[in-house]
Amino acid sequence: MTIFVVGNLLPCSLSPEDLEREPRALRVMGGLVYAGQVTAIRAPDLYGITLDGERGNRPHILSREEALIELVSPDLSGTQFEKN
């Protein structure tokens, strides 16, 4: 399965406007995908993602650039896939 890349971002990557709306997002850590809620800690520079089911409900702190690179939208509607 191949995902077509637009520029250097995946079609499911979050945009700066998405971060302001504090969306649900997915984060890959250690080869596993975790779902969570994005929150603005000190917008527009610092964001956090609180992962579902994690003890303590402490957000993982990310800079804006890290959030835009590492977090993806769980909504894959409109994503084009190609079978190999």
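Just so it is clear, none of the values below were taken in a lab; they were calculated from the coordinates. Remember, it's a predicted structure, so these values are computed and weren't measured experimentally. No Cβ is skipped: glycine too gets one built from the backbone with ideal geometry, and neighbour counts run over all protein chains shown.
Within the shell of other residues whose beta carbon sits under 14 angstrom from the beta carbon of Leu19, the net charge comes to -3, with Lys and Arg scored +1 and Asp and Glu -1. Our coupling estimate for segment 66-73, obtained by passing each phi through the Karplus curve with A = 6.51, B = -1.76, C = 1.60 and θ = phi - 60°, is 5, 4, 5, 7, 8, 9, 10, 6 Hz, Gly and Pro reported as x.
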